[in-house]
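Nothing in this text is a laboratory measurement; each read-out follows from the coordinates by a stated rule. What you are looking at is a predicted structure, and each value in this text was computed from that prediction instead of being measured. All Cβ positions, even for glycine, are placed from backbone atoms using ideal geometry, and neighbour counts span all protein chains on display.
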Amino acid sequence: MHSVSQRANLIVCFGGVVLFGVLLLNVLSRSFFPDHIDVNLTGSTIKFVKRNPVELAQVHMSLQADLTPLFNWNTKQLFLYITAEYQTKETVVSQVVLWDYILKDKSKAVLKEKDLIKYLLIDHSGDLRGQNVTLTFNYNVIPISGLITRHKEGSYSFKMPTEYIN
Amino acid sequence: MNDIIRKINPFSQIPKYQIAQQIVNFGLIVSSALMIWKFLMIVSGSESPIVVVLSGSMRPAFDRGDLLYLNMDDGPFRVGEIVVFKIDGKDIPIVHRILQIHEKPSGDFNILTKGDNNTVDDRGLYAEGQIWLNREHIIGRAKGFLPYVGMVTIVMHDYPQLKILLVGVLALFVLSTRE
């Protein structure tokens, strides 16, 4: 009455529906995990030069954070990054990543970093002197399957120097 | 001769109205697949709502054969977002992360991207003389992730004969099975 192909078809279809259901439950389950973290972030400019047509600044940052609560059964990796946000006469908002790090290991999730320098702050407007810069710590959760989310926690503001520092 | 053909031909035993019904069924499957795709396009606002990752430049986050769901609305672009963009003169879209963004008062923006697994930013990948990405280059931002599912497409892309074979077998299967 039921051929092999019909049975195979039914198994594949039902299997697909079940897998999709499990995926949905998995995505929903994230809201039951705590996701509050405490972040302490500071920074200061240590080098600031003009190299036509851009201005370059080296920002020295320190970061303390405990990211252990963010690791649950659907966390494949965390992408951590610190952004500098500022305004110039040419832009409404400018954002530049100054540091990033891929965190895969829960046992290394307690961060106590003192000397973070990775990327330079490069601006093309030539209007960086004396601007307010806000540093923000962000993390991007890459799941094993499901939704990719971004969050920000903890920020620190400072003023760019009015003179270039060599 | 006609007898032999009649014996070999799997369709000879089936009445004509049933063959017609199978063809309609086949058309129904194809058109509903198209409808789902177009519906996803409307929901996501992206011209290509589902993409398969083709390179390892975003390892370890995404690997070859992973599936991404893209979407185009909800708010302005921000640094750290994973976007899919297309460079003028290149066919294959690229999935990378935004490293810098400068938004102008007109609402237009300049974006610089970088792959997590690459040591340098993407300026070398852009078209000659291009130093920024703009709105028109961006296809969507990655919102959902499913591992391995896109492997089928990668295998079929690498061996195009397999695609023809698979479509042929499926078509024969749909046309020749009876309820």
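Observations on the model:
- Rounded tilt (10° steps) of B:16-44 against the dominant C-alpha axis of chain B: 10
- Under the simplified labelling scheme, the A:R51-A:N26 pair shows an inter-label distance of 4.5 nm, with each label point 7 Å from Cα along Cα→Cβ.
- Anchor A:K104: lysines whose Cα lies under 29 Å away (excluding residues fewer than 8 positions away in-chain): A:K76, A:K112, A:K114, A:K118, A:K152, B:K114, B:K143
- For the stretch A:35-156, the residue among A:N140, A:F71, A:L56 whose Cα projects farthest onto the positive side of the dipole built from Cβ charges is A:L56.
- Cα long-axis angle, helix A:4-29 against chain A (0 to 90 degrees, to the nearest 10): 40
- Chain B: angle of helix B:160-176 to the longest principal axis, Cα-based, in degrees nearest 10: 40
- Relative to the current alpha-carbon distance between A:S107 and A:V4, full extension at 0.36 nm per residue lengthens the span by 32.1 nm.
- The stretch B:81-142, dipole about Cα centre (Lys/Arg Cβ +1, Asp/Glu Cβ -1), debye to the nearest 20: 100
- CD proxy at 222 nm, helix term only [per DSSP H run n ≥ 4: -39500 (n - 2.57); per residue of the protein assembly as shown; nearest 500]: -8500 deg cm²/dmol
- Once the Cβ-Cβ distance of B:I29 and A:N132 is raised to the sixth power relative to R0 = 56 Å, the FRET efficiency obtained is 0.45.
- When peptides B:164-173, B:52-61 are ranked by their average number of other Cβ atoms within 10 Å per residue, the highest-first order is B:52-61, B:164-173.
- FRET efficiency, B:L170 to B:E136 (Cβ-Cβ, R0 25 Å, nearest 0.05): 0.10
- Measuring r between the beta carbons of B:A127 and B:A20 and using R0 = 45 Å, the FRET efficiency lands at 0.30.
- Candidate lysines - alpha carbon under 20 Å from B:K7, same-chain residues fewer than 8 apart omitted: B:K16
- The packing ranking of peptides A:133-141, A:11-19, highest mean first, is A:133-141, A:11-19, where packing means the average number of other beta carbon atoms within 10 angstrom of each residue.
- Average beta carbon contacts from partner chains per residue of A:121-130, 10 Å cutoff: 1
- Exercise: per-residue mean of other protein chain Cβ atoms within 10 Å, A:73-79: 2
- Size of electric dipole in chain A: Cβ of Lys, Arg +1 and of Asp, Glu -1, about Cα centre, debye, nearest 20: 360
- Think of the stretch B:87-179 as a dipole: +1 on every Lys or Arg Cβ, -1 on every Asp or Glu Cβ, centred on the Cα centre; then among B:G129, B:I111, B:V167, B:V167 lies furthest on the positive end.
- Charging the Cβ of each Asp and Glu at -1 and of each Lys and Arg at +1, and nothing else, the dipole of the stretch B:57-168 about its Cα centre rounds to 140 debye.
- Peptides A:46-53, A:117-124 ranked from most to least packed, by the mean per-residue count of other Cβ atoms within 10 Å: A:117-124, A:46-53.
- Per-residue average of Cβ from other chains inside 10 Å of B:96-102: 6
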